[in-house]
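Novice: First the structure, which I've put down as structure tokens, then a few questions once you've had a look.
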Amino acid sequence: MNFYQWGTWGMSTSLQPPTVRAALQHSELLEKYSHIPPEQQSQHVHRVRDLAWDIRAYPCTGVGAWLVPQLCRNPVYPDILKRVQAGETLMDVGCFVGHDLRRLVYDGAPSDKLYAVDIISHWDVGYEMFRDRGRFEAHFIEADIVSQSGKLTQLKGQIDIISITQVIHQWDWDGQINCCKQLTGFTKGPGSMIVGNQIGNPKAQEVTLKSLVVPMYRHNPESFAKLWDQVGSETGTKWETQAWIRTFEEMSFGAQDGAWMEPGVSLIEFVAQRIE
């Protein structure tokens, strides 16, 4: 099922995309953080789904990606959690409803050290999703990360860790260079890291999907390292990268969630550590 079929969802579990079925089977965050009983979660998710879809019809909304926190799956997540607990700052770029940030807080991170940025605000939908208005103190800024928005000036050079999931892949190579250069400007210095995941492919290549029309660059670990070598060269910084190709199933998505994209499509999970 792809995002064009989102509207066919009913309340029947059999009509739910695999990602949603998996999320509802592993619903610890909704049950223990948001205090939503398991028997109420399907109805709750469908209601929130409609709120999010009415704001903007994202592909990730359609496959229910926002139901599966991704940052906590990254191999360096234990280190990230310790660093935020110790007082370091984290910025989630492309935060959507703030699901990754809620998982951080559930795991013991202070919410006042968290910043969230997105070009379109689904922040109130996040409060509806997690029922934590008044106790979740992350700072949200509605802004375009690549536009050099004045709204983000206060965060320049102030961030220890940047999480950016399902964002960078939307551009071609040059667009991704521009995005990553902007991200670099928010980092404090050596020791800062940029982590996340995005659509990738074992064969690095530029693709243009009929449904989206615009060219996008798909990375494998080798091309991702080259991307950050160029970013470092153009910004006077230096980065060490780790990246892993993952299947959709490994990231708790449905096997068919990428069926509308090119052959061989997968996910690439990454860590870019600033060393200079």
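Novice: For Gln176, what charge total do you get from the other residues with a beta carbon under 12 Å from its beta carbon, if Lys and Arg give +1 and Asp and Glu give -1?
Specialist: Within the 12 Å Cβ shell, the charges total 0.
Novice: Next up: Could you work out the local net charge near Gly126, counting Lys and Arg as +1, Asp and Glu as -1, over the other residues with Cβ closer than 15 Å to its Cβ?
Specialist: Charge balance near Gly126 sits at -2.
Novice: Before anything else, pin down the relative contact order of the range 66-274: Cα pairs under 8 Å, at least 6 apart, normalised by residue count, whole percent.
Specialist: Once divided by the residue count of the range 66-274, the mean separation gives 19 percent.
Novice: Could you tell me which label, among [x] 22.4; [y] 21.2; [z] 19.0, carries the value of Kirkwood radius over Cα pairs in Å calculated for this structure?
Specialist: Matching entry in [x] 22.4; [y] 21.2; [z] 19.0: [z].
Novice: Next question, about the same structure. Given R₀ = 45 Å, FRET efficiency for His139-Gln40 by Cβ-Cβ distance, to 0.05?
Specialist: The calculated FRET efficiency here is 0.90.
Novice: Counting other C-beta atoms within 10 Å, which of Cys180, Cys72 has the fewest, and how do the rest follow?
Specialist: Cys72, Cys180
Novice: Please compute the contact order of the range 109-208 in relative form: average sequence separation of alpha-carbon pairs under 8 Å and at least six residues apart, divided by the residue count, as a percent.
Specialist: It rounds to 26 percent for the range 109-208.
Novice: Further question on the same structure: Only bridges with both residues in the chain count here: give the DSSP antiparallel percent, nearest 5. Before the final figure, lay out each step's value.
Specialist: Numbers: 20 of 37 bridges.
The antiparallel proportion sits near 55 percent.
Novice: Let me ask another. Check the straight Cα-Cα distances from Lys203 and name the aspartates and glutamates below 20 Å, setting aside those fewer than 8 residues away within the same chain.
Specialist: Leaving aside aspartates and glutamates fewer than 8 places away in the same chain, those within reach of Lys203 are Asp172, Asp174, Glu222, Asp229, Glu249, Glu250, Asp257, Glu262, Glu269.
Novice: Express in whole angstrom the spacing between the alpha-carbon centres of the range 167-245 and the range 33-70.
Specialist: 28 Å
Novice: Out of all DSSP beta bridges with both ends in the range 115-251, state the antiparallel percent to the nearest 5.
Specialist: 30 percent
Novice: How long are the semi-axes of the ellipsoid equivalent to the range 45-108, from square roots of 5 times the Cα gyration tensor eigenvalues, in whole Å, largest first? It would help to have the intermediate numbers written out before the result.
Specialist: Values: eigenvalues 136, 23, 20 Å².
Over the Cα atoms of the range 45-108, the ellipsoid semi-axes are 26, 11, 10 Å.
Novice: Return the calculated 222 nm mean residue ellipticity for the chain, to the nearest 500 deg cm²/dmol, obtained by summing -39500 (n - 2.57) across DSSP H runs with n ≥ 4 and dividing by the residue count.
Specialist: Theoretical 222 nm ellipticity from helices: -9000 deg cm²/dmol.
Novice: Take the cross-link list Lys32/Lys82; Lys151/Lys226; Lys32/Lys113 and give me the ones stretching past 24 Å between alpha-carbons.
Specialist: Table pairs above 24 Å Cα-Cα are Lys151/Lys226.
Novice: Measure of size requested: the Rg and Dmax of the range 78-167, with Cα atoms as the atom set and Å as the unit; please supply both.
Specialist: Considering the range 78-167 through its Cα atoms, Rg and Dmax are 12.4, 33 Å.
Novice: Compute a Gaussian network model of the chain, connecting alpha carbons closer than 10 Å, and tell me which residue from Thr153, Thr247, Thr184 fluctuates the most.
Specialist: Top of the fluctuation ranking is Thr153.
Novice: Continuing with this model, one more query. Counting alpha carbon pairs within less than 8 Å and at least 6 residues apart, what relative contact order, in whole percent, applies to the range 52-141?
Specialist: Values: 104 pairs, mean separation 25.1, N = 90.
For the range 52-141, the relative contact order is 28 percent.
Novice: Farthest toward the dipole's positive end in the chain, which of Trp173, Ile36, Ile145, given Cβ charges of +1 (Lys, Arg) and -1 (Asp, Glu) about the Cα centre?
Specialist: My answer, from the dipole projection, is Ile36.
Novice: Treat the count of other C-beta atoms within 10 Å as a stand-in for reagent exposure and order Asp100, Asp172 from fewest to most.
Specialist: Values: Asp100 26, Asp172 14.
Placing the least packed residue first, the sequence is Asp172, Asp100.
Since every read-out is calculated from the coordinates, none of them should be taken as a lab result. Only a predicted model underlies this, so the values are computations on that prediction, with no experimental measurement involved. Don't worry about glycine lacking a Cβ; one is built from the backbone with ideal geometry, like all the others, and counts go over all protein chains shown.
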